[in-house]
Ligand SMILES: NC(=O)c1ccc[n+]([C@@H]2O[C@H](COP(=O)([O-])OP(=O)(O)OC[C@H]3O[C@@H](n4cnc5c(N)ncnc54)[C@H](O)[C@@H]3O)[C@@H](O)[C@H]2O)c1
Ligand SMILES: [Zn+2]
């Protein structure tokens, strides 16, 4: 037998820029990032989320004027392609195929660019199309939701849902650049402004206690979507995600340990079961609450820390219970999560705020207790709201039942 072994490494680097009004004629963010390609003029196919196009009808004209103002460096291959926004874009391969077909019809080459503007779902689908057409056309992402700007849009994952599984088809492919334009947040519905805050809470919990403290202190401002607070938390969250990709030693997630998937095993199943009715960020908030409760009940996390986590999520406005949790097949959800990650089961839990620990076996009955506690907490808070609509809660009080927050920790499984 003869074996030839060859090894090589590839270095990836991409900028994540923060700006406002990226398509103002005087804004040079896009042309500056394109300069890195070292080409005289760049050909672009703009792929646009229908939700963004609807919320900001003047955007198409601004894109046209911007390209015209920079015509020495930019060329539109065609009018922007509007694709269905939200999970509908990922639920089958049709939008990916439309993008791939356009790449072929327009004669775009591997030195052309797809400029994808949208929420996490559109970016995931457009990224998959870009990575597969011609085996990879360069992709510039312009994330347009809180979650896309602080998480989905800045990473290296692309994909769509298939065969009833979330993100079943996809690839790891770093973008050429990411441009986070805070002005996109102005047209977002409250629900989508809020959803991404859960990813900031998640990354703070597993990586950065000081960030958690700042989120906790700013919870009233976050609940009101105060622009400066939102922008600071998006930047810090994006930075933490990027640092993880760059320094974890596992950017393409070959190992079984995935600290940034804290709160995600239940979240993925909830999203599946709701067929996209529950937003990713909303499901993650519930997943964080359950994993934090479990961490506390197994004696890993102090009850005061649990109290603060649940208080933050609730006061930002997340609903921490959904009826789909009641009948969820938890062992199956765990199996699917393990299968998607590969290797042994590895669930990130908390042993303090900012400190994560991997757990390889879970006691499912304890999760059921957690679900029951969240359901009871939600019922109690609804009842209280109805009885006492005018009375404001004291600053540090949670709407959860005291027993849920201060119950004795359960023994470790
Ligand atoms: N690739 C990754 O690393 C990664 C990470 C986290 C989440 N995700 C994926 O991201 C998706 C969720 O993304 P999301 O939370 O951004 O939601 P989303 O993409 O589903 O968008 C939510 C809604 O907002 C609309 N919208 C988007 N931008 C808008 C704007 N500026 N103004 C008005 N409406 C706008 C969309 O049309 C849609 O209706 C999920 O599919 C999830 O799996 C991917
Ligand atoms: Zn997530």
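The values are calculated or read from the model by the stated rules, or taken from the named source; none is laboratory data. Given the structure is predicted, the values throughout are model-derived calculations rather than measurements. Positions of Cβ are backbone-derived with ideal geometry, glycine not excepted, and every protein chain shown enters the neighbour counts.
When you scan the stretch 245-274, how many residues do you find that are more than 12 Å from ligand 1 (Cβ to nearest atom) and at positive phi?
1
In the stretch 235-274, which residue that is free of Cβ contacts under 8 Å to residues at least 60 places away in the same chain and outside any helix (DSSP H, G or I) is farthest from ligand 2 (Cβ to nearest atom)?
If we take residues in the stretch 235-274 being free of Cβ contacts under 8 Å to residues at least 60 places away in the same chain and outside any helix (DSSP H, G or I), then 249 is farthest from ligand 2 (Cβ to nearest atom).
Criterion first (part of a helix (DSSP H, G or I), under 22 Å from residue 295 (Cβ atoms) and either in contact with a helix residue (DSSP H, G or I) (Cβ under 6 Å, 6 or more places away or on another chain) or touching a residue at least 12 places away in the same chain (Cβ under 8 Å) (or both)) does residue 202 satisfy it?
Values: part of a helix (DSSP H, G or I): yes; under 22 Å from residue 295 (Cβ atoms): yes; either in contact with a helix residue (DSSP H, G or I) (Cβ under 6 Å, 6 or more places away or on another chain) or touching a residue at least 12 places away in the same chain (Cβ under 8 Å) (or both): yes.
So residue 202 fits the description; yes.
Out of (1) at pLDDT below 95; (2) surrounded by fewer than 17 Cβ atoms within 10 Å (Cβ to Cβ); (3) within 24 Å of residue 210 (Cβ to Cβ), what's the single condition that is false for residue 402?
Unmet for residue 402, out of (1) at pLDDT below 95; (2) surrounded by fewer than 17 Cβ atoms within 10 Å (Cβ to Cβ); (3) within 24 Å of residue 210 (Cβ to Cβ): (3).
Quick check: anything in the stretch 340-355 surrounded by fewer than 19 Cβ atoms within 10 Å (Cβ to Cβ), at pLDDT 95 or above and within 22 Å of residue 281 (Cβ to Cβ)?
Yes, the stretch 340-355 has at least one match.
Among helices (runs of 4 or more DSSP H) lying entirely in the stretch 59-147, which contain 1 or more residues that are in contact with a helix residue (DSSP H, G or I) (Cβ under 9 Å, 6 or more places away or on another chain) and crowded, with 22+ Cβ neighbours inside 10 Å?
Details: elements: 59-69, 94-105, 120-132.
Those helices (runs of 4 or more DSSP H) span 94-105, 120-132.
I'm checking my understanding of the structure. Among residues of the stretch 180-199 that are surrounded by 24 or more Cβ atoms within 10 Å (Cβ to Cβ) and outside any strand (DSSP E or B), which one is nearest to ligand 2 (Cβ to nearest atom)?
Within the stretch 180-199, the subset surrounded by 24 or more Cβ atoms within 10 Å (Cβ to Cβ) is 180, 184, 195-199.
Restricting the remaining residues to those that are outside any strand (DSSP E or B) gives 184, 195-199.
Numbers: 184: 19, 195: 10, 196: 9, 197: 12, 198: 8, 199: 5 Å.
Among them, the one singled out is 199.
Has the stretch 161-179 got any residue that is part of a loop (DSSP other than H, G, I, E, B) and within 14 Å of ligand 2 (Cβ to nearest atom)?
Filtering the stretch 161-179 for residues part of a loop (DSSP other than H, G, I, E, B) gives 163-164, 173-176.
Next, only the ones that are within 14 Å of ligand 2 (Cβ to nearest atom) stay: none.
No, the stretch 161-179 contains no residue that is part of a loop (DSSP other than H, G, I, E, B) and within 14 Å of ligand 2 (Cβ to nearest atom).
Within the stretch 333-358, track down each residue that is more than 22 Å from residue 272 (Cβ to Cβ) and out of contact with any helix residue (DSSP H, G or I) (no Cβ under 6 Å at 6 or more places or on another chain).
344, 351, 352, 355, 357, 358
Residues checked against (1) more than 29 Å from the chain's Cα centre (by Cα); (2) over 26 Å from residue 149 (Cα atoms); (3) within 14 Å of ligand 1 (Cβ to nearest atom):
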site: 1; (1), (2), (3): yes, yes, no
site: 6; (1), (2), (3): yes, yes, no
site: 12; (1), (2), (3): no, no, no
site: 48; (1), (2), (3): no, no, yes
site: 53; (1), (2), (3): no, no, yes
site: 90; (1), (2), (3): no, no, yes
site: 98; (1), (2), (3): no, no, no
site: 105; (1), (2), (3): yes, yes, no
site: 113; (1), (2), (3): no, no, no
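Which members of the stretch 160-173 meet the condition of being within 7 Å of ligand 1 (Cβ to nearest atom) and closer than 26 Å to residue 247 by Cα?
Residue satisfying the conditions is 167 alone.
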